[in-house]
1. Within the range 113-145, restricting attention to residues that are within 21 Å of the chain's Cα centre (by Cα) and in a loop (DSSP other than H, G, I, E, B), which residue is nearest to Tyr81 (Cα to Cα)?
2. Would you check if there is a residue in the range 229-242 being within 16 Å of His121 (Cα to Cα) and of a type in the set (Gly, Ala, Ser)?
3. For the range 313-323, how many residues are in a loop (DSSP other than H, G, I, E, B) and either touching a strand residue (DSSP E or B) at 6+ places or on another chain (Cβ under 7 Å) or among the basic types (Lys, Arg) (or both)?
4. Six or more apart or on different chains, Cβ under 9 Å: which pairs go from a residue in the range 17-30 that's closer than 30 Å to Asp209 by Cα and open to solvent by 70 Å² or more (accessible area, probe 1.4 Å) to one that's modelled with pLDDT of 95 or more and polar (S, T, N, Q)? Could you list them?
5. Restricting attention to the range 203-215, and to residues there that are out of contact with any Phe, Trp or Tyr (no Cβ under 8 Å at 6 or more places or on another chain) and open to solvent by 40 Å² or more (accessible area, probe 1.4 Å), which single residue is nearest to Gly141 (Cα to Cα)?
6. I need every pair where a residue in the range 318-336 that is of a type outside the set (Gly, Ala, Ser) has its Cβ under 8 Å from the Cβ of a residue that is open to solvent by 70 Å² or more (accessible area, probe 1.4 Å) and not in a loop (DSSP other than H, G, I, E, B), sequence separation at least 6 or different chains.
7. Taking the range 63-86 as the region of interest, how many residues are hydrophobic (A, V, I, L, M, F, W, C), buried (at least 19 other Cβ atoms within 10 Å of the Cβ) and over 11 Å from His29 (Cβ atoms)?
8. Which residues, counting only those in the range 304-315, are touching a residue at least 60 places away in the same chain (Cβ under 8 Å) and closer than 27 Å to Leu170 by Cα?
Amino acid sequence: MKKTLVALFTCLLFSGGSAMAGGKLSVYHWFEYIPQELLDKFAAEHDVEVTMDTYDSNEALLAAMKGGKVGQYDVAVPGDYMVEIMASEDLLDTIAEGELKNRGNIQPEWVDVSFDPGRKHSIPYQWGSTSFTVNRDIYSGDIRTTAILFDPPTELSGKINVLDSQGEVLALASLHLGIEQCTDDKEKLKALNDLLQSAKPHWASFISDGAKDVLVSGEAAVGMIWNGFSAKARAENPSLEYSYPQEGYLAWMDNVVLLKDAPNRDNALLFMDFLLEPENSAAVTEFAQYTSGVTGTYDLLSEGLKASPELNPPGDAPPGTFVAVCDQATQELYDAIWTNLKK
């Protein structure tokens with residue numbers, strides 16, 4: 001999918017005193033993750049033509065970059081672990097000191113992160129969780145267990161959608177088993193593979209970009225999903241409920257990165273600064289239904305969003321677990337498990 005936005009300035013904008021950039025900006029982004037109006041706003045403020053292509057998983061983003069897309073896009077929006085991987089693969093540019101005037105708007109807890117120490121390559125975009133959602137019209141039992149996905153009750157068997165996302169599926173399965181991520185222990189890896197192979201017959205599909213739609217339509221009774229996407233689904237189908245399982249769930253932060261050989265580097269930095277303004281970050285949060293990493297955003301949000309159950313885990317929920325980055329040799333073992341699962 002490609003969208004092209006061309007902003008034409010009026011005399012009022014020219015008289016506003018803002019520095020005009022001009023030129024282009026090429027964005028590589030997740031599907032359904034930024035409001036069109038916000039892209040239009042940036043295009044108009046800076047007289048920039050914005051183009052955007054989309055992907056449906058961190059792994060798809062990485063494959064595209066390694067497959068020859070370097071130099072075609074200015075910014076992308078990888079998850080936490082993928083920022084670390086892309087940096088190690090020399091796919092990211094470095095943001096120099098002083099290049100982002102709104103850097104001080106980053107919330108303190110997200111300034112110096114393990115996946116990008118010192119924020120040399122990225123800024124926070126949104127953060128949230130990955131778990132699953134259940135149609136309560138179909139199943140009324142306990143859903144606060146990952147067994148819903150990996151050893152489901154009869155009512156749900158064959159009606160489950162799983163994200164087409166290697167890192168998240170394998171990490172959630174590891175939580176279910178109570179084993180660490182990135183293990184090279186043969187017995188634990190065998191247990192992980194066996195779990196996934198035994199669960200696969202219960203799954204109807206591997207869909208990411210349609211994860212909301214299959215739940216809303218009733219095509220799936222259970223769907224592995226991101227919490228904001230689940231909130232959108234619940235707005236269309238009130239019988240849906242998001243789970244925070246006792247075995248654990250995944251936490252993540254998506255980040256805007258400056259890509260290596262960005263053809264419009266100055267405009268990329270302008271766009272990153274634009275997204276660090278609380279008003280603009282709040283627009284993303286209201287649209288995507290996740291949580292911002294920008295100071296001053298929360299007070300701008302609607303009361304309904306603040307009270308969303310998807311954004312407010314139960315008091316007894318465990319903390320979220322981030323997807324770990326494995327060394328190359330260990331990652332190859334997990335790649336083999338995933339390839340075997342998708343056959």
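The values are calculated or read from the model by the stated rules, or taken from the named source; none is laboratory data. These numbers come from a predicted model, not from an experiment. Cβ sites come from the backbone with ideal geometry, for glycine too, and all protein chains shown count toward neighbours. To get the accessible areas, we keep the full protein, side chains included, count just its heavy atoms, and leave off ligands, DNA and RNA. Shrake-Rupley method; radii C 1.70, N 1.55, O 1.52, S 1.80 Å.
1. Phe115
2. Filtering the range 229-242 for residues within 16 Å of His121 (Cα to Cα) gives none.
No, the range 229-242 has no match at all.
3. So the first thing to find is which residues in the range 313-323 are in a loop (DSSP other than H, G, I, E, B), and the list is 313-320, 323.
Filter again for either touching a strand residue (DSSP E or B) at 6+ places or on another chain (Cβ under 7 Å) or among the basic types (Lys, Arg) (or both), leaving 320, 323.
Number satisfying all stated conditions: 2.
4. Lys24/Thr51; Lys24/Asn264; Lys24/Asn267
5. Looking at residues that are out of contact with any Phe, Trp or Tyr (no Cβ under 8 Å at 6 or more places or on another chain) and open to solvent by 40 Å² or more (accessible area, probe 1.4 Å), I get Ala204.
6. Val325/Glu84
7. Going through the range 63-86, the residues hydrophobic (A, V, I, L, M, F, W, C) turn out to be 63-65, 70, 75-77, 82-83, 85-86.
Retained after the next criterion (residues that are buried (at least 19 other Cβ atoms within 10 Å of the Cβ)): 65, 75-77, 82-83, 85-86.
Subsequent filtering for residues that are over 11 Å from His29 (Cβ atoms) retains 65, 82-83, 85-86.
Within the range 63-86, residues that are hydrophobic (A, V, I, L, M, F, W, C), buried (at least 19 other Cβ atoms within 10 Å of the Cβ) and over 11 Å from His29 (Cβ atoms) number 5.
8. The answer is Pro309, Glu310, Leu311, Pro313, Pro314.
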